[in-house]
1. Please state which of the following conditions residue 93 fails to meet, knowing it meets all the rest: (1) among the charged types (D, E, K, R); (2) loosely packed, with under 15 Cβ neighbours inside 10 Å; (3) touching a helix residue (DSSP H, G or I) at 6+ places or on another chain (Cβ under 7 Å).
2. How many residues are in a helix (DSSP H, G or I) and either touching a residue at least 40 places away in the same chain (Cβ under 8 Å) or not aromatic (Phe, Trp, Tyr) (or both) when one looks only at segment 311-326?
3. Looking at 340, 285, 289, 265 in this structure, which one is at pLDDT below 80 and farther than 25 Å from residue 49 by Cα?
4. What is the residue count in segment 105-145 for residues that are out of contact with any Ser or Thr (no Cβ under 9 Å at 6 or more places or on another chain), within 11 Å of residue 86 (Cβ to Cβ) and surrounded by fewer than 16 Cβ atoms within 10 Å (Cβ to Cβ)?
5. So, in segment 225-239, exactly how many residues are surrounded by fewer than 23 Cβ atoms within 10 Å (Cβ to Cβ) and either in contact with a Pro (Cβ under 9 Å, 6 or more places away or on another chain) or in contact (Cβ under 8 Å) with a residue 12 or more places away in the chain (or both)?
6. Does residue 340 qualify as being of a type in the set (A, V, I, L, M) and either part of a helix (DSSP H, G or I) or farther than 27 Å from residue 106 by Cβ (or both)?
7. Does residue 356 satisfy being free of Cβ contacts under 8 Å to residues at least 12 places away in the same chain, closer than 19 Å to residue 181 by Cα and assigned to a helix (DSSP H, G or I)?
Amino acid sequence: MFCSIQLYLPLILFSHKRMQASESFSAKAWQRLKKNKGAMAGLIVILLAVAAAIFAYFLGNDQTPNADRQIVEIQAQKPGFKQTFLKVKKQREVGHTGIVSHLLFGKEDAFVLLPINSYTDLGDSVAVEKYIDEGMQEKQVYPKSALEKNFISHKTFWFGTDKFGRDILSRLILGIRVSLAVGLVTVIISLLIGVTLGAVAGYKGGRTDAAIMWLINVVWSIPTLLLVFGLTLTLGKGFWQIFIAVGLTMWVTIARIVRGQVMAISQLEYVQAAKALGLRDSRIIIRHILPNVMGPVMVIAAANFASAIIIEAGLSFLGIGIQPPTPSWGLMLKENYNFIITHNPALALIPGLAIMILVLAFNLLGNGLRDALDVKG
């Protein structure tokens with residue numbers, strides 16, 4: 001009985017102290033993080049990006065699925081472009097879209113937007129000067145029965161339009177979803193694989209550790225982009241395929257960090273006491289070891305989030321990532337990069353700046369977490 005109490009005592013004392021220390025450490029870490037202006041700026045940008053991603057279909061001019069409303073007459077227009085439109089009913093009836101479906105997938109237009117220079121209300125019909133190109137127009141007459149109730153619409157394209165006449169701002173906002181989603185899925189996959197393998201290798205040691213380290217070294221030796229290319233070609237092009245491909249390449253760093261941390265913590269007294277009491281290895285790892293290695297893991301996860309955004313944009317730019325018409329910042333660069341040397345470089349610079357700002361935000365937050373958690377690089 002006395003021996004049993006002696007074995008339990010280190011574990012009980014540590015659990016009690018850990019709960020108190022954890023609360024105190026979290027509070028102090030948050031206070032240190034709040035003092036880091038760069039980290040807080042990054043956090044604010046990330047929170048704004050998340051909010052914009054959720055309400056993307058309500059923030060832009062184009063609320064159609066994938067913000068893919070193509071108006072070829074106004075293609076490649078510069079930021080701040082303004083245009084008047086006539087709303088002509090579609091020949092087929094468009095069904096009602098619920099608020100949840102609208103939020104997630106957008107809403108199909110029940111009309112066609114016809115760019116016009118001017119219009120005249122003739123009572124039962126409307127005469128318009130249809131805009132064809134700069135300095136070119138054509139007179140047309142439409143009966144009001146063929147038009148929407150509010151048949152005139154004025155739109156401002158704050159970031160201009162692309163070569164298909166689509167609103168850059170709407171696609172840019174919707175593209176946040178892809179960037180955040182690929183980062184989130186990548187981090188989840190890399191955490192599941194990296195933490196699991198790293199914890200098992202560090203705790204078990206011996207042949208298990210040697211086998212896992214061999215796998216880590218093999219994956220580590222393959223260039224990341226080359227590995228992503230191979231996985232993408234194997235899994236195929238598409239939305240979820242690119243998420244999985246990127247996620248399967250970024251677990252190695254996490255596994256190495258977790259392995260080293262677990263090896264050190266496994267030698268502490270309270271872990272040895274837990275082993276002596278016959279607790280299951282899985283319980284010891286999950287409840288008593290992993291909570292103490294989450295600091296470094298959070299820092300690496302923030303860095304992986306930023307890296308995943310860049311990799312996805314690069315793959316989409318090369319044509320093996322997200323496929324049209326899904327808006328991706330890398331795909332927008334690919335579609336408009338030739339405008340850099342022509343009259344409208346903003347079409348390519350804007351998505352490039354968006355990538356830079358979001359990646360910088362995650363890097364700033366990661367650096368702030370590293371300092372706040374006092375993680376040594």
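1. (3)
2. Number of matching residues: 7.
3. Being at pLDDT below 80 and farther than 25 Å from residue 49 by Cα holds for just one of 340, 285, 289, 265, which is 340.
4. Here the count works out to 2.
5. The qualifying residues number 9.
6. Against the criterion (of a type in the set (A, V, I, L, M) and either part of a helix (DSSP H, G or I) or farther than 27 Å from residue 106 by Cβ (or both)), residue 340 qualifies.
7. In short, yes.
Yes or no, residue by residue, for (1) farther than 30 Å from residue 351 by Cβ; (2) among the hydrophobic types (A, V, I, L, M, F, W, C):
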residue: 109; (1), (2): no, no
residue: 113; (1), (2): no, yes
residue: 119; (1), (2): yes, no
residue: 131; (1), (2): no, no
residue: 141; (1), (2): yes, yes
residue: 154; (1), (2): no, no
residue: 163; (1), (2): no, no
residue: 173; (1), (2): no, yes
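The values are calculated or read from the model by the stated rules, or taken from the named source; none is laboratory data. These figures come from a predicted structure and were not determined experimentally. For neighbour counting, all protein chains shown are included, and Cβ atoms are generated from backbone atoms with ideal geometry for every residue, glycine included.
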